[in-house]
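Visitor: There's a structure below that I have some questions on.
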Amino acid sequence: MDFAYDAKTEQLRTRLLAFMDSHVYPAEAVLEQQLREAADPWQRQPVLEELKAEARRQGLWNLFLPDPEHGGGLTNLQYAPLAEITGRSPHLAPEALNCAAPDTGNMEVLAMFGTDEQKKQWLQPLLDGEIRSAFCMTEPDVASSDATNIATRIERDGDDYVINGRKWWSSGAMNPNCAIFIVMGKTDPDAERHRQQAMILVPRDTPGVTVERAMHVFGYGDHAHGGHAEIVFDNVRVPAANLIAGEGEGFAIAQARLGPGRIHHCMRLIGMAERALELLCRRASSRIAFGKPLAAQGVVHEWIAESRVRIEQARLLVLKTAWLMDTVGNKGAHTEIQAIKIGVPSMTEWVIDKAIQAHGGAGVSQDFPLAELWAATRTLRLADGPDEVHRMSLAKRELKKYL
């Protein structure tokens, strides 16, 4: 693989870096103020709407989707350095560019598997940023690290499907502009283990859908994802045409959705680690303790050097993974996708932890983004599959060579 960014990527990087400096970073404090004053904290705040309008005007919109018919037409390798930049302000930049989870994954599902009518009704408004969406997979009553455990039922009844179950950590569902849920459940509990599930489109305002509560992440509302919710589906009836792809296809769709989702998270995590290291270096250079700058303390030198090494290692593996996804497909890059999902969140968590330590009490305060960055990063060791599941699967793939 060629490690140099191509001309298109460099052009977009230049424009995006300028957009971050002129619009996104100044908006961080504005968003915090607007959230404090908002009657409904989940309502889209004016500063975010202004950012989205400006990003779209500058052509920095839907960059994540490789399909040129619907998105930016970028390869994974082209998108990686751009997603890294947005990761420096993960609670603003991705949504400003219409590149925020869970909408990205839901748009990919609809683009890959949706019917023409499903694309017209739901994909196009999502691409235009007119609505948001939620992904309803995880359940409180089963170990959802094993997706085949999912207990929510999706049962055919004439021209409809009827959905019954309880979901939580349904990302995006607290946003008032969330209009559509993609729900995963079982259509045939007696089928082969990976053919029991399906995914179905459920409009938020369908009778029987109850958003019971918001789920907080280490005390944060996680507005970047439109909030996570616990949702009850009680005899929810939708047309059979709302089924995505077909009965028994849910597990395969989930795997197709989570592959790009995992690498997108890892791309952004590199940017989060870079921002934490930048804050660490600035703090170490300006703060005096015991008569000399923190930067003169040997342990801080070790933190800074180790952070740089770990970030560079992680970035190279993410870029290799992106390149493989482009050249041999997601299945061919399966080992690397799992490797970055294991390694990159842990790396970023480590770097942010050292930046927090160098900031002392300020590091866990609202005056710096570090505490919120840490909370988001730690959560990603659970989201899209916990570390242990990926380690188990990766080890099995390695052992196949010797068994």
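Visitor: Somewhere in the stretch 34-54, is a residue at pLDDT 95 or above and closer than 28 Å to residue 329 by Cβ?
Guide: Among the residues of the stretch 34-54, not one is at pLDDT 95 or above and closer than 28 Å to residue 329 by Cβ, which makes the answer no.
Visitor: With the structure loaded, tell me whether residue 106 is out of contact with any strand residue (DSSP E or B) (no Cβ under 9 Å at 6 or more places or on another chain), crowded, with 23+ Cβ neighbours inside 10 Å and over 25 Å from residue 352 (Cβ atoms) or whether it fails that test.
Guide: Considered against the rule, which asks whether it is out of contact with any strand residue (DSSP E or B) (no Cβ under 9 Å at 6 or more places or on another chain), crowded, with 23+ Cβ neighbours inside 10 Å and over 25 Å from residue 352 (Cβ atoms), residue 106 comes out as no.
Visitor: Can you pull out every residue in the stretch 283-319 that is closer than 30 Å to residue 74 by Cα and in contact with a Leu (Cβ under 6 Å, 6 or more places away or on another chain)? Write out each step before concluding.
Guide: If we filter the stretch 283-319 for residues that are closer than 30 Å to residue 74 by Cα, which is where we start, we get 307-319.
Matches in the stretch 283-319: 307 only.
Visitor: I'd like to know if the stretch 69-87 contains one or more residues that are touching a residue at least 24 places away in the same chain (Cβ under 8 Å), under 22 Å from residue 170 (Cβ atoms) and surrounded by 22 or more Cβ atoms within 10 Å (Cβ to Cβ).
Guide: Checking the stretch 69-87: not a single residue is touching a residue at least 24 places away in the same chain (Cβ under 8 Å), under 22 Å from residue 170 (Cβ atoms) and surrounded by 22 or more Cβ atoms within 10 Å (Cβ to Cβ).
Visitor: Anything in the stretch 221-236 that is of a type outside the set (A, V, I, L, M) and surrounded by 15 or more Cβ atoms within 10 Å (Cβ to Cβ)? List them, or say none.
Guide: Matches in the stretch 221-236: 221, 222, 223, 225, 226, 227, 228, 230, 233.
Visitor: Now for a different question. Within the stretch 82-95, can one find any residue that is hydrophobic (A, V, I, L, M, F, W, C), out of contact with any Pro (no Cβ under 8 Å at 6 or more places or on another chain), farther than 27 Å from residue 3 by Cβ and assigned to a helix (DSSP H, G or I)?
Guide: Within the stretch 82-95, not a single residue is hydrophobic (A, V, I, L, M, F, W, C), out of contact with any Pro (no Cβ under 8 Å at 6 or more places or on another chain), farther than 27 Å from residue 3 by Cβ and assigned to a helix (DSSP H, G or I).
Visitor: Which condition number does residue 312 fail, the rest of (1) in contact (Cβ under 8 Å) with a residue 40 or more places away in the chain; (2) surrounded by fewer than 20 Cβ atoms within 10 Å (Cβ to Cβ); (3) part of a helix (DSSP H, G or I) being met?
Guide: Every condition holds for residue 312 apart from (1).
Visitor: Considering the stretch 199-219 alone, what residues qualify as being assigned to a strand (DSSP E or B) and either surrounded by 15 or more Cβ atoms within 10 Å (Cβ to Cβ) or at positive phi (or both)?
Guide: 199, 200, 201, 202, 209, 211, 214, 215, 217
Visitor: Run down 219, 172 and say which single residue is out of contact with any Phe, Trp or Tyr (no Cβ under 8 Å at 6 or more places or on another chain), under 21 Å from residue 101 (Cα atoms) and in contact (Cβ under 8 Å) with a residue 24 or more places away in the chain.
Guide: Working: 172 fails: out of contact with any Phe, Trp or Tyr (no Cβ under 8 Å at 6 or more places or on another chain).
Being out of contact with any Phe, Trp or Tyr (no Cβ under 8 Å at 6 or more places or on another chain), under 21 Å from residue 101 (Cα atoms) and in contact (Cβ under 8 Å) with a residue 24 or more places away in the chain holds for just one of 219, 172, which is 219.
Visitor: Looking at residue 275, is it outside the structural domain of residue 182 (by TED's automatic domain parsing) and either surrounded by 23 or more Cβ atoms within 10 Å (Cβ to Cβ) or modelled with pLDDT of 95 or more (or both)?
Guide: Taking the combined requirement at face value, the residue satisfies it.
Visitor: If you don't mind, another one. Which residue, of 320, 292, is in the same structural domain as residue 389 (by TED's automatic domain parsing), among the basic types (Lys, Arg) and modelled with pLDDT under 95?
Guide: Being in the same structural domain as residue 389 (by TED's automatic domain parsing), among the basic types (Lys, Arg) and modelled with pLDDT under 95 holds for just one of 320, 292, which is 292.
Visitor: Considering each of 240, 256, 305 in turn, give the residue that is farther than 27 Å from residue 63 by Cα, among the aliphatic types (A, V, I, L, M) and touching a residue at least 40 places away in the same chain (Cβ under 8 Å).
Guide: 240
Visitor: Count, please, the residues in the stretch 36-68 that happen to be surrounded by fewer than 16 Cβ atoms within 10 Å (Cβ to Cβ) and either among the hydrophobic types (A, V, I, L, M, F, W, C) or under 19 Å from residue 270 (Cα atoms) (or both).
Guide: Here the count works out to 3.
Visitor: Still on this structure, please answer the following. Collect the residues in the stretch 146-198 that are surrounded by fewer than 15 Cβ atoms within 10 Å (Cβ to Cβ) and part of a loop (DSSP other than H, G, I, E, B), keeping them in residue-number order.
Guide: Listed by number, the residues that qualify are 146, 151, 158, 159, 176, 189, 190, 191, 192.
The values are calculated or read from the model by the stated rules, or taken from the named source; none is laboratory data. Computed from a predicted structure; not experimentally measured. Neighbour counts run over all protein chains shown; Cβ positions are idealised from the backbone, glycine included.
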